[in-house]
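As structure tokens, the structure follows; a few thoughts come after it.
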Amino acid sequence: MIKINDKEIFPLDNVLFSFALASEAAEVFVGHNALITGIGKVNAAYELAKAIQIKKPSLIVNLGSAGSSFFQKGDVVCCTKFIQRDMDVRGLGFALYETPLSGIEPILEYGLTMEGLPEGICGTGDNFEMGHSATAYNVVDMEAYALALIAMKENIPFLCLKYISDGADDNAAEDWTVQVHKAAVAYGKILNLHKGDKI
């Protein structure tokens, strides 16, 4: 069982763990229901949609590395709000981050909270951000918005935990390379997973 909070507890064999890269899962998630989507919103959306049809999970957990100029490197942040940070159709009169004619607010609020973890707003875009200055979001990644949107549309509970690997600044690329392998270990401890556990 995975306990998210006092209200949400899920059987481990019904949980789908989603990662962009195998290095973010490492050996901690071997033997568990892990999905490696590849980098970016399109890959994430395609692979999750396909996996939902086959596995029919009762909970989707997105785990991965992210940048932040607000949180510290090594922090694990529970993201409950999501922004598509590269969506900009203001030229046609829409709000920044709003997907035209979708009926969805610029800030997508869909995510479980986990006890003991700080909450964040994740800005997702198809670029590796190295000059974060926006104030609408305090965590940056490349997949979470797409995953949260699909989970919401499919009415599946969604948990998003991001390991802060870099400051989304001019040192981001170097910091990410050093830090990314530490994410899986941190997640294993938070979720009480142990190598060799069976689903």
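The values are calculated or read from the model by the stated rules, or taken from the named source; none is laboratory data. Computed from a predicted structure; not experimentally measured. For neighbour counting, all protein chains shown are included, and Cβ atoms are generated from backbone atoms with ideal geometry for every residue, glycine included. With ligands, DNA and RNA removed, areas are computed over all heavy atoms of the protein, side chains included. Shrake-Rupley method; radii C 1.70, N 1.55, O 1.52, S 1.80 Å.
Can you tell me which residue in segment 126-179 is surrounded by the most Cβ atoms within 10 Å (Cβ to Cβ), limited to those that are among the hydroxyl-bearing types (Ser, Thr, Tyr) and modelled with pLDDT under 95? Per the stated criteria, the residue is Ser165.
Residue by residue, here is whether (1) part of a helix (DSSP H, G or I); (2) open to solvent by 10 Å² or more (accessible area, probe 1.4 Å) holds:
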position	(1), (2)
Leu16	no, no
Ala26	yes, yes
His32	no, yes
Leu35	no, yes
Ala44	yes, no
Val61	no, no
Ala66	no, no
Ser69	no, yes
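If only one of Leu117, Leu92 is farther than 18 Å from Lys41 by Cβ and out of contact with any helix residue (DSSP H, G or I) (no Cβ under 9 Å at 6 or more places or on another chain), which one is it? Explain how you work it out, then say what you get.
Details: Leu117 fails: out of contact with any helix residue (DSSP H, G or I) (no Cβ under 9 Å at 6 or more places or on another chain).
Testing whether each residue is farther than 18 Å from Lys41 by Cβ and out of contact with any helix residue (DSSP H, G or I) (no Cβ under 9 Å at 6 or more places or on another chain) leaves just Leu92.
The single condition among (1) open to solvent by less than 50 Å² (accessible area, probe 1.4 Å); (2) more than 13 Å from the chain's Cα centre (by Cα); (3) at pLDDT 95 or above that Cys122 does not meet is (2).
Within the bounds of segment 96-107, is there any residue that is closer than 17 Å to Gly64 by Cα, of a type outside the set (Asp, Glu) and touching a residue at least 12 places away in the same chain (Cβ under 8 Å)? Break it down into steps so the answer makes sense when it comes.
Residues of segment 96-107 that are closer than 17 Å to Gly64 by Cα, as a first pass: none.
No, segment 96-107 has no match at all.
Filtered by the rule that a residue be at pLDDT below 95, among the aliphatic types (A, V, I, L, M) and open to solvent by 50 Å² or more (accessible area, probe 1.4 Å), segment 93-112 gives Leu96, Leu101. Considering only residues in segment 135-163 that are outside any helix (DSSP H, G or I) and among the charged types (D, E, K, R), the one that is farthest from Ala20 (Cα to Cα) turns out to be Glu154. Which pairs have Cβ atoms under 8 Å, sit 6 or more apart or on different chains, and link a residue in segment 116-128 that is among the hydrophobic types (A, V, I, L, M, F, W, C) to one that is buried (at least 20 other Cβ atoms within 10 Å of the Cβ) and part of a loop (DSSP other than H, G, I, E, B)? Taking only residues 6 or more apart or on different chains, the pairs are Ile121/Tyr137; Ile121/Asn138; Cys122/Tyr137; Phe128/Met142.
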